[in-house]
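Structure, as structure tokens:
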Amino acid sequence: MNITISASFLPHENADASVSFYREVLGFEIRNDVGYDGMRWVTVGPVGQPQTSIVLQPPAADPGINDEERRTIEEMMAKGTYAGVLLATPDLDEVFERVQASGAEVVQEPIEQGYGVRDCVFRDPAGNLLRIQQAP
């Protein structure tokens, strides 16, 4: 089998703040920006890697969840425990300095993990956990 990851989904509370963060801080490009019924989905991804994307989506968009579940999602987003993604870079220190300078919430400064990777962790404007590891 030949299967790849095309896109991951992360919720956003404020599309403009999320777009600004992913574009200006992480250097991602905007690939699609779609509005519907007062909501907005924005597809972003690393320049030069068109096969890999993150779709920033409104958390209340899924018609299969009820109001109680929406409230739970909003509470988890506020705590930063709802969603996350793992990114990689050849220069972790450079990326960390750039993200830290943006004012993003730093959860963990770059450290060597006992399982063999060096990484850092921060949150995007919606509270999503972004772990960035040093690419081998």
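Give ASP67, ASP93, ASP124, ASP119 a once-over and let me know the one that is of a type in the set (Asp, Glu) and touching a helix residue (DSSP H, G or I) at 6+ places or on another chain (Cβ under 6 Å).
Only one candidate passes the filter, namely ASP124.
Sort through SER53, SER8, SER20 and tell me the only one that's modelled with pLDDT under 95 and surrounded by 13 or more Cβ atoms within 10 Å (Cβ to Cβ).
So the residue among SER53, SER8, SER20 that is modelled with pLDDT under 95 and surrounded by 13 or more Cβ atoms within 10 Å (Cβ to Cβ) is SER8.
Hey, any hits in the range 9-31 for a residue that's among the polar types (S, T, N, Q) and assigned to a strand (DSSP E or B)?
No: zero hits.
Check off (1) surrounded by 12 or more Cβ atoms within 10 Å (Cβ to Cβ); (2) closer than 19 Å to LEU10 by Cα; (3) not basic (Lys, Arg) for VAL47 and give me the number that stays unchecked.
(1)
Filter the range 56-71 for residues that are more than 17 Å from ARG123 (Cβ to Cβ) and part of a loop (DSSP other than H, G, I, E, B); which is most open to solvent (accessible area, probe 1.4 Å)?
PRO63
Restrict the check to the range 64-84 and report whether at least one residue is in contact (Cβ under 8 Å) with a residue 40 or more places away in the chain, of a type in the set (D, E, K, R) and in contact with a Ser or Thr (Cβ under 8 Å, 6 or more places away or on another chain).
No, the range 64-84 contains no residue that is in contact (Cβ under 8 Å) with a residue 40 or more places away in the chain, of a type in the set (D, E, K, R) and in contact with a Ser or Thr (Cβ under 8 Å, 6 or more places away or on another chain).
Confirm whether ALA126 is within 19 Å of PHE28 (Cβ to Cβ), touching an Asp or Glu at 6+ places or on another chain (Cβ under 7 Å) and of a type in the set (Gly, Ala, Ser).
Considered against the rule, which asks whether it is within 19 Å of PHE28 (Cβ to Cβ), touching an Asp or Glu at 6+ places or on another chain (Cβ under 7 Å) and of a type in the set (Gly, Ala, Ser), ALA126 comes out as yes.
Take residues that are among the acidic types (Asp, Glu), farther than 24 Å from ALA7 by Cβ and open to solvent by 30 Å² or more (accessible area, probe 1.4 Å) and tell me which of the strands (runs of 3 or more DSSP E) falling wholly in the range 72-136 contain 3 or more.
Once the strands (runs of 3 or more DSSP E) in the range 72-136 are filtered for at least 3 residues that are among the acidic types (Asp, Glu), farther than 24 Å from ALA7 by Cβ and open to solvent by 30 Å² or more (accessible area, probe 1.4 Å), what remains is 105-112.
The values are calculated or read from the model by the stated rules, or taken from the named source; none is laboratory data. Treat the numbers as computed from the prediction; the structure is a model and nothing was measured. We place every Cβ from the backbone using ideal geometry, glycine too, and count neighbours over all the protein chains shown. Surface areas here come from the heavy atoms of the whole protein model, side chains and all, with no ligands, DNA or RNA. Shrake-Rupley method; radii C 1.70, N 1.55, O 1.52, S 1.80 Å.
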